[in-house]
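Down below is the structure, laid out as structure tokens.
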Amino acid sequence: MSNLLTTTTLNRRRMLQISAAGVALSAIGMNTRAFAQSGPIRWVSPRGSLEVVDDFAYWVAKRMGYFGDLDTSVEAGPPDATAAIKLVDQNQSDFGYPSPGVLSLGLEQGMKLKSVFHIMAGDVFDFAFQKGKAPADLKGMEGMTIVLGSAGWQSIADPMLAAAGVDLSTIKYVEVAGWGQSLAQGQADAALTWEGLRAQWRGQGFDFDYLLGKNASVFPANSFVVRAKDLDDPALVETYTKYLRGWSMGLEFGWLNPAAATQIAMDEFPGLATQMDPATAVESLMQQSGLMHAHWDKRGKWGLHLEDSWQSYFDAIHKIGQISQPLKAGDVVTNALIDGANDFDHAKVKADAEGFELRDEYKAVDIAAIEATL
């Protein structure tokens, strides 16, 4: 691995050190004012970039007016997996979007956070391998070198592997900015990725094989978190519920008409057209939308947490020592805002989605063909 540029080999101590490190407040131009809703509701991406279709529900809600009179803002956070929760904890963002692993690290450090809206109800995380080199299952990854885009992502990979019976002491993690390229060049055995990015990588010419988390894992994935104390303020609860209602409407719009939601998201970032053609972009969105709609027979509402799934996850990470004290899902997640977030005119959203005017390149996308590959 010595030929990887700007990489860091990770072990558990290194991962926890990085996760515990502070985030420079100037990283995304934030000031230190407390949020009493004197400014926009701020949401910070965990990816370090907004130029993706992943946040389509937000862009749909903005375009279609689903946030009403709320002032909202989304920003690209520092490329540190734990940045989004640190910024929430430090009163510099209202909403973070961490994986359960990253959230658990924040809770371990004493952050008083609560998950209020479960976006990714199925496990969105996958492992990529060079063509023909994927093992039959996660257990077959024992002894592998895995590249990560951020050190904090080890908290995502470890529980998945441990649940499959992998001896974590045999796994070598390496942090590298261009982790997909590193895998393509044969500089690692596997790379952590996720639904949506899987399609984007294919659009960039990375022809990988995959083990898909939605098939290999029963764990939950990313959710929206806020400061726990904010839920004691009725005015903030009302504002946050209205905000999440906008996201719910955007999610439903995207589920009903993925091509339209993709066109809206792509319009926000014209540069994405150089990375993904319309079909690839729609596939990326549909990969994610499927996870957002996961377990619908049990959930039936956007954002609803399944506590048993979360509890199984917390039990697993405690078992491997990722957290030192057991966590109760009921203390970490809440569905208190979900009914309000789903209280909208579904017929209107359906009409909006079905009536949205697509450009010819999006009309040409074969939705049924994409569905067959998911």
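The values are calculated or read from the model by the stated rules, or taken from the named source; none is laboratory data. Every value quoted in this text rests on a predicted model; they were computed, and no experiment measured them. When we count neighbours, we look across all protein chains shown, and the Cβ atoms used for this are built from the backbone with ideal geometry, even at glycine. In case anyone asks, the SASA skips ligands and DNA or RNA and just uses the protein heavy atoms, side chains included. Shrake-Rupley method; radii C 1.70, N 1.55, O 1.52, S 1.80 Å.
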### Filtered residue count, the range 96-114, keeping only those that are under 13 Å from the mean Cα position of the chain (by Cα) and either closer than 26 Å to Met249 by Cα or of a type outside the set (A, V, I, L, M) (or both)
7
#### Entry: Residue pairs meeting the criteria (Cβ under 8 Å; at least 6 apart or on separate chains; first under 16 Å from Ala221 (Cβ atoms), in the range 39-59; second of a type in the set (Val, Ile, Thr) and open to solvent by 10 Å² or more (accessible area, probe 1.4 Å))
Ser45/Val74; Asp55/Val74
### Task
Return yes when Ser104 is closer than 28 Å to Thr334 by Cα and open to solvent by less than 20 Å² (accessible area, probe 1.4 Å) and no when it is not.
yes
### Message
I need every pair where a residue in the range 322-346 that is over 26 Å from Glu108 (Cα atoms) has its Cβ under 6 Å from the Cβ of a residue that is basic (Lys, Arg) and surrounded by 20 or more Cβ atoms within 10 Å (Cβ to Cβ), sequence separation at least 6 or different chains.
### Response
Ala341/Arg245; Phe344/Arg245
### Task
Could you please give the count of residues in the range 179-206 that are part of a loop (DSSP other than H, G, I, E, B) and under 25 Å from Phe56 (Cβ atoms)?
5
### Message
For the range 223-231, check the following and say yes or no: at least one residue is farther than 17 Å from Ile338 by Cβ, touching a residue at least 12 places away in the same chain (Cβ under 8 Å) and among the small types (Gly, Ala, Ser).
### Response
no
### Task
Starting from residues that are part of a helix (DSSP H, G or I) and among the charged types (D, E, K, R), keep the ones in the range 228-244 and report whichever is surrounded by the most Cβ atoms within 10 Å (Cβ to Cβ).
Asp230
### Query
Pick from the range 195-209 the residues that are modelled with pLDDT of 85 or more and under 18 Å from the mean Cα position of the chain (by Cα): which of them is most open to solvent (accessible area, probe 1.4 Å)?
Arg198
### Query
Can you name the residue in the range 210-220 that is closer than 18 Å to Gln154 by Cβ and among the hydrophobic types (A, V, I, L, M, F, W, C) and, of all such residues, is surrounded by the fewest Cβ atoms within 10 Å (Cβ to Cβ)?
Ala216
### Given (1) open to solvent by 10 Å² or more (accessible area, probe 1.4 Å); (2) within 21 Å of Gly180 (Cα to Cα), number of the condition Ser45 does not satisfy
(1)
### Task
Might you let me know whether the range 274-294 holds any residue that is over 18 Å from Val226 (Cβ atoms), free of Cβ contacts under 8 Å to residues at least 12 places away in the same chain and open to solvent by 40 Å² or more (accessible area, probe 1.4 Å)?
yes
### Task
Look at the range 81-99 and say how many of its residues are at pLDDT 90 or above, more than 18 Å from Asp54 (Cα to Cα) and either open to solvent by less than 10 Å² (accessible area, probe 1.4 Å) or touching a Lys or Arg at 6+ places or on another chain (Cβ under 8 Å) (or both).
9
### Message
Return the residues of the range 59-80 that are under 15 Å from the mean Cα position of the chain (by Cα) and open to solvent by less than 10 Å² (accessible area, probe 1.4 Å); say none if nothing qualifies.
### Response
Gly77
### Query
Take the residues of the range 157-194 that are open to solvent by less than 40 Å² (accessible area, probe 1.4 Å) and of a type in the set (Ser, Thr, Tyr): which is nearest to Met141 (Cα to Cα)?
Tyr173
### Complete set of residues in the range 341-357 that are more than 27 Å from the chain's Cα centre (by Cα) and either open to solvent by less than 90 Å² (accessible area, probe 1.4 Å) or farther than 30 Å from Phe224 by Cα (or both)
Ala347, Ala351, Gly355, Glu357
### Message
Of everything in the range 358-374, what is under 25 Å from the mean Cα position of the chain (by Cα) and open to solvent by 80 Å² or more (accessible area, probe 1.4 Å)? Give them in sequence order.
### Response
Glu371, Ala372, Thr373
### Query
Only one of (1) polar (S, T, N, Q); (2) in contact (Cβ under 8 Å) with a residue 60 or more places away in the chain; (3) open to solvent by 10 Å² or more (accessible area, probe 1.4 Å) is not met by Gln311, so which one is it?
(2)
